[in-house]
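A.B. asks: One structure is given below, represented as structure tokens, and several questions about it will come after.
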């Protein structure tokens, strides 16, 4: 019997070769178990005696955490940890780790790809030509991108890189982040504003904040009504940050011009999801982070965080540092 047991709760890749390489190179006696759970109750009983969990999307609820008899660390494949009950983990002294610099280049580039596609009406023009037509697509000529306003909600690593790239395209950049002082935002070359001012002034509103109790449905009917009729909403963060029903009404009713969404409230969406029927929305399947390089980094560093804790060391990134007090 191995000294430690690490459980990969869920993951989309067909193998766990990279994770196994990290475990083997550590020199520790770790049994690596891979599950394919979609729901919390599918984790039982395999995680009861786990020393480490490596998690992608399945929710690690308080009920799951209360059944962990030996667990020291929950390591997340990604930046966000909204699928883990942080309070419950902290109470048990379980460190929750992430990979904070994962996919910054990818998500920021994907964001700007959305901006360009929306600005140049690429989807409408593509559909126009595929339908056997030529010449200008319906909707009229686009506005020149340089000089327009981009509002960024959430100025972490990704939001800051989006700002840098937006400046390169000649956009004026506004930023809202309640956890940063205005002078810190200004130092980034971003104009600090409140959320309402950002919504009113921006031609493109791009969401890059974490999903928390405070940000759930941060963008709803009232906020969408503040935006320009010619404006676009881009969600690169988490689906529940936007009230999806309110977004559908705003898009269908012309409150805003369009949207580009890498995330949805329900993933994958139901076949009858109303948003899917609209022509003024661009979708990608939560794929903004997707490159070969980012995937290798993610898999290795997520596993390294777990191994570090099992070796008695601090991991590279702890989200709930209060757990150390336990």
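The values are calculated or read from the model by the stated rules, or taken from the named source; none is laboratory data. Quick caveat, the model's predicted, so the values are computed rather than measured. Neighbour counts are summed over all protein chains in view; Cβ atoms, including those assigned to glycine, are modelled from backbone coordinates with ideal geometry.
A.B. asks: Take the residues of the stretch 139-158 that are within 17 Å of the chain's Cα centre (by Cα) and closer than 20 Å to residue 224 by Cβ: which is surrounded by the fewest Cβ atoms within 10 Å (Cβ to Cβ)?
C.D. replies: It comes out as 154.
A.B. asks: Only one of these is assigned by TED's automatic domain parsing to the domain that holds residue 200 and touching a residue at least 60 places away in the same chain (Cβ under 8 Å): 124, 137, 113, 141. Name it.
C.D. replies: Only one candidate qualifies: 124.
A.B. asks: Quick one: which helices (runs of 4 or more DSSP H) lie wholly within the stretch 42-151 and hold at least 3 residues that are at pLDDT 95 or above and more than 30 Å from residue 3 (Cβ to Cβ)?
C.D. replies: Those helices (runs of 4 or more DSSP H) span 104-119.
A.B. asks: Tell me whether the stretch 25-33 contains one or more residues that are farther than 18 Å from residue 95 by Cβ, touching a helix residue (DSSP H, G or I) at 6+ places or on another chain (Cβ under 8 Å) and surrounded by fewer than 23 Cβ atoms within 10 Å (Cβ to Cβ).
C.D. replies: yes
A.B. asks: Here is a follow-up. Which one of 175, 170 is within 29 Å of residue 83 (Cβ to Cβ) and either at pLDDT 95 or above or part of a helix (DSSP H, G or I) (or both)?
C.D. replies: 175
Table: residues versus (1) within 15 Å of residue 83 (Cα to Cα); (2) without any contact (Cβ under 8 Å) to a residue 60 or more places away in the chain.
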{"position": "207", "(1), (2)": "no, yes"}
{"position": "216", "(1), (2)": "yes, yes"}
{"position": "220", "(1), (2)": "no, yes"}
{"position": "225", "(1), (2)": "no, yes"}
{"position": "231", "(1), (2)": "no, yes"}
{"position": "258", "(1), (2)": "no, no"}
{"position": "267", "(1), (2)": "yes, yes"}
